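Take a look at the structure below.
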Amino acid sequence: MCAYLSTGKPDIQVVYCENDNEAYGAIEALEEYGYTCGEGGVAVISFDATGTCLTLCLEGKIALAVECNPLLGELVEEVIQTLEAGGTPAKHTYVEETCFKGEDLTEGFIAERGY
């Protein structure tokens, strides 16, 4: 992001980040170059939705946090037990994930999450 921004002052409206760490770096670079992230500025979209990301979303710096739920332990255990019992686990299993905007969040909700 810094390399791109150093080429001038491009008109940036949205930055799409594949993970939260990319979003943190993009926000830092954008702000270093005088951009505002959030309302009236650059809309940053991030994937992971960790606690820090959700806090930045609540604060308005991240416009959209898309969850990549890592809490798969119980599901994996169930598949292993099915296999050990000679069964065949379901071919497809879907993990519930959510998209968050600042208005969806509270500090309490963020504090209660497992990641």
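The values are calculated or read from the model by the stated rules, or taken from the named source; none is laboratory data. For clarity, every value in this text was computed on a predicted model and none was experimentally measured. Note that we place each Cβ from the backbone using ideal geometry, even for glycine, and neighbour counts take in every protein chain shown. Accessible surface areas use protein heavy atoms only, side chains included; no ligands, DNA or RNA. Shrake-Rupley method; radii C 1.70, N 1.55, O 1.52, S 1.80 Å.
Data for the structure
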| quantity | calculated |
| --- | --- |
| Distance in nm between pseudo-label sites at residue 97 and residue 59 (7 Å out along the Cβ direction from Cα) | 2.5 nm |
| Extension reserve of the residue 106-residue 74 stretch, reckoned as 0.36 nm per residue once the Cα distance is removed | 8.8 nm |
| The chain - percent of accessible surface contributed by carbon and sulfur, probe 1.4 Å | 52 percent |
| Average accessible area per residue (Å²) across the chain - probe 1.4 Å, nucleic acids and ligands excluded | 64 Å² |
